[in-house]
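S.K.: Below: one structure in structure tokens.
The values are calculated or read from the model by the stated rules, or taken from the named source; none is laboratory data. In this text the structure is predicted, and so the values were computed from the model without any measurement. So basically every Cβ, Gly included, is an ideal-geometry build from the backbone, and we count neighbours across all protein chains shown. Just so you know, the surface numbers come from the protein's heavy atoms only, side chains and all, with ligands and any DNA or RNA stripped out. Shrake-Rupley method; radii C 1.70, N 1.55, O 1.52, S 1.80 Å.
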Amino acid sequence: MKSFKSSGRHGYAVEISPFLASTIACASSQYYGIAGCGALFVLEQREADVSLVRSFDWNDGLFDVTWSENNEHVLVTGGGDGSLQIWDTANPQGLLQVLKGHTQEVYSVDWSQTRGENLVVSGSWDHTAKVWDPEQCQLVSSLQGHEGVIYSTIWSPHIPACFASASGDGTLRVWDVKAGSCRLAVPAHKAEILSCDWCKYDQNILVTGAVDCSLRVWDLRNVRHPVAQMMGHSYAIRRVKFCPFYKTVLASCSYDFTVRFWDYSKNQPLLETLEHHSEFVCGLDFNLHIPNQVVDCSWDETVKVFTPSCLAAL
């Protein structure tokens with residue numbers, strides 16, 4: 001296992017570059033995100049360790065990060081001051097643009113996945129999701145409907161102009177950006193939902209992770225009951241991610257300090273539990289270039305890169 005120590009900064013989100021297998025971005029905050037500043041770390045994993053390439057400071061906490069899908073140097077972060085920041089990692093100054101529109105913390109940012117589209121979606125504590133054109137630096141649309149904080153906004157990897165959101169109001173929603181409306185609202189948990197993700201192999205399958213310690217897999221063609229429910233975490237699930245290499249495999253990280261791997265198609269879905277952090281685990285991502293490699297980050301001020309044995313065995 002390789003590790004990077006982000007001294008004085010507590011990790012909130014981590015994402016591996018879609019272009020470069022060894023490049024990692026981490027969004028972090030001082031004082032657990034309650035006060036103080038934030039930092040964006042650009043890291044490089046080498047054979048034996050993870051080293052700092054560059055860091056950029058922001059005057060408020062940074063809660064999420066997403067790489068551009070069309071420029072290997074560009075990143076977007078979401079901040080505690082309600083703004084999105086666009087960064088150029090090739091530029092020592094870093095900051096390209098600030099997008100303002102939200103009135104409270106931006107907790108989620110995601111760059112669109114489908115061809116011919118170049119959009120960023122953000123989710124905020126102000127209960128709105130906003131869609132931006134990062135090249136024109138313009139707000140495209142503001143979508144309302146959630147009755148609580150939006151913790152997670154994720155573009156469909158299959159359907160253009162479509163994203164999902166997860167909220168403190170207990171619902172999972174699917175949005176149509178062109179129509180400017182919510183296509184589907186799923187009462188997915190009787191608790192705050194902190195994360196959602198799309199299956200990479202089936203455009204109708206999503207997973208949610210909530211404060212009730214459960215993960216639930218949903219088929220959008222029939223949302224009356226989840227396809228699967230997975231229990232095992234002992235505190236809130238902070239982030240869920242579908243594996244890019246196996247249709248029914250996913251990962252979750254939690255406030256119980258663990259990262260867990262699951263196969264929802266199995267009767268005993270829990271594949272492995274890893275407890276290599278001493279604080280909340282908030283960030284999680286799979287490496288698209290190196291099968292089965294995972295990166296996570298925690299409030300214990302570390303970023304860790306590893307290959308869980310359960311995936312290596314698949």
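S.K.: Look through the range 218-262, keep the residues that are assigned to a loop (DSSP other than H, G, I, E, B) and over 21 Å from Ala191 (Cα atoms), and return whichever of them is farthest from the chain's Cα centre (by Cα).
M.R.: Selected residue: Arg221.
S.K.: Could I ask something else about it? Give the residues of the range 252-300 that are open to solvent by 20 Å² or more (accessible area, probe 1.4 Å), closer than 20 Å to Met230 by Cβ and of a type in the set (Val, Ile, Thr), sorted by residue number.
M.R.: Listed by number, the list holds a single entry, Thr273.
S.K.: Test of understanding: among Arg216, Arg224, which residue is open to solvent by 10 Å² or more (accessible area, probe 1.4 Å) and either closer than 13 Å to Leu172 by Cβ or modelled with pLDDT under 95 (or both)?
M.R.: That would be Arg216, the only listed residue that is open to solvent by 10 Å² or more (accessible area, probe 1.4 Å) and either closer than 13 Å to Leu172 by Cβ or modelled with pLDDT under 95 (or both).
S.K.: Here's a follow-up. Test Gln85 against the stated conditions and say whether it is of a type in the set (S, T, N, Q), free of Cβ contacts under 8 Å to residues at least 60 places away in the same chain and either open to solvent by 10 Å² or more (accessible area, probe 1.4 Å) or more than 21 Å from Trp299 (Cα to Cα) (or both).
M.R.: Here the answer is yes, as Gln85 does meet what is asked.
S.K.: Take Glu15 and tell me if it is within 18 Å of Lys304 (Cα to Cα), open to solvent by 10 Å² or more (accessible area, probe 1.4 Å) and without any contact (Cβ under 8 Å) to a residue 12 or more places away in the chain.
M.R.: The answer is no for Glu15.
S.K.: Looking at Gly148, Gly123, Gly94, Gly101, which one is open to solvent by less than 20 Å² (accessible area, probe 1.4 Å), more than 25 Å from Lys241 (Cα to Cα), at pLDDT 95 or above and out of contact with any Cys (no Cβ under 8 Å at 6 or more places or on another chain)?
M.R.: Sole residue among the options that is open to solvent by less than 20 Å² (accessible area, probe 1.4 Å), more than 25 Å from Lys241 (Cα to Cα), at pLDDT 95 or above and out of contact with any Cys (no Cβ under 8 Å at 6 or more places or on another chain): Gly94.
S.K.: Within the range 128-138, can one find any residue that is aliphatic (A, V, I, L, M), touching a strand residue (DSSP E or B) at 6+ places or on another chain (Cβ under 7 Å), buried (at least 24 other Cβ atoms within 10 Å of the Cβ) and under 15 Å from Trp111 (Cβ atoms)?
M.R.: Yes, the range 128-138 has at least one match.
S.K.: To continue, here is another question. Only one of these conditions is not met by Val131: (1) under 22 Å from Ser6 (Cα atoms); (2) in a strand (DSSP E or B). Which number is it?
M.R.: In the conditions (1) under 22 Å from Ser6 (Cα atoms); (2) in a strand (DSSP E or B), Val131 misses (1) alone.
S.K.: I'd like to check something: does the range 36-49 contain any residue that is at pLDDT 95 or above, more than 21 Å from Asp300 (Cβ to Cβ) and aliphatic (A, V, I, L, M)?
M.R.: no
S.K.: Test Leu288 against the criterion of being in contact with a Leu (Cβ under 9 Å, 6 or more places away or on another chain) and assigned to a loop (DSSP other than H, G, I, E, B), and give yes or no.
M.R.: No, not satisfied.
S.K.: Here's something else I'd like to know. With the condition kept exactly as written, say whether any residue in the range 69-78 is open to solvent by less than 50 Å² (accessible area, probe 1.4 Å), more than 15 Å from the chain's Cα centre (by Cα) and closer than 28 Å to Asp212 by Cα.
M.R.: Within the range 69-78, none of the residues are open to solvent by less than 50 Å² (accessible area, probe 1.4 Å), more than 15 Å from the chain's Cα centre (by Cα) and closer than 28 Å to Asp212 by Cα.
S.K.: May I ask you to list the residues in the range 73-123 that are acidic (Asp, Glu) and either part of a loop (DSSP other than H, G, I, E, B) or more than 23 Å from Gly11 (Cβ to Cβ) (or both)?
M.R.: Result: Asp81, Glu105, Glu117.
S.K.: Of all residues in the range 40-62, count the ones that are touching a Phe, Trp or Tyr at 6+ places or on another chain (Cβ under 7 Å) and either of a type in the set (A, V, I, L, M) or part of a loop (DSSP other than H, G, I, E, B) (or both).
M.R.: 5
S.K.: Return the residues of the range 49-68 that are open to solvent by 70 Å² or more (accessible area, probe 1.4 Å) and farther than 15 Å from Val98 by Cα; say none if nothing qualifies.
M.R.: Within the range 49-68, Leu52, Val53, Arg54 qualify.
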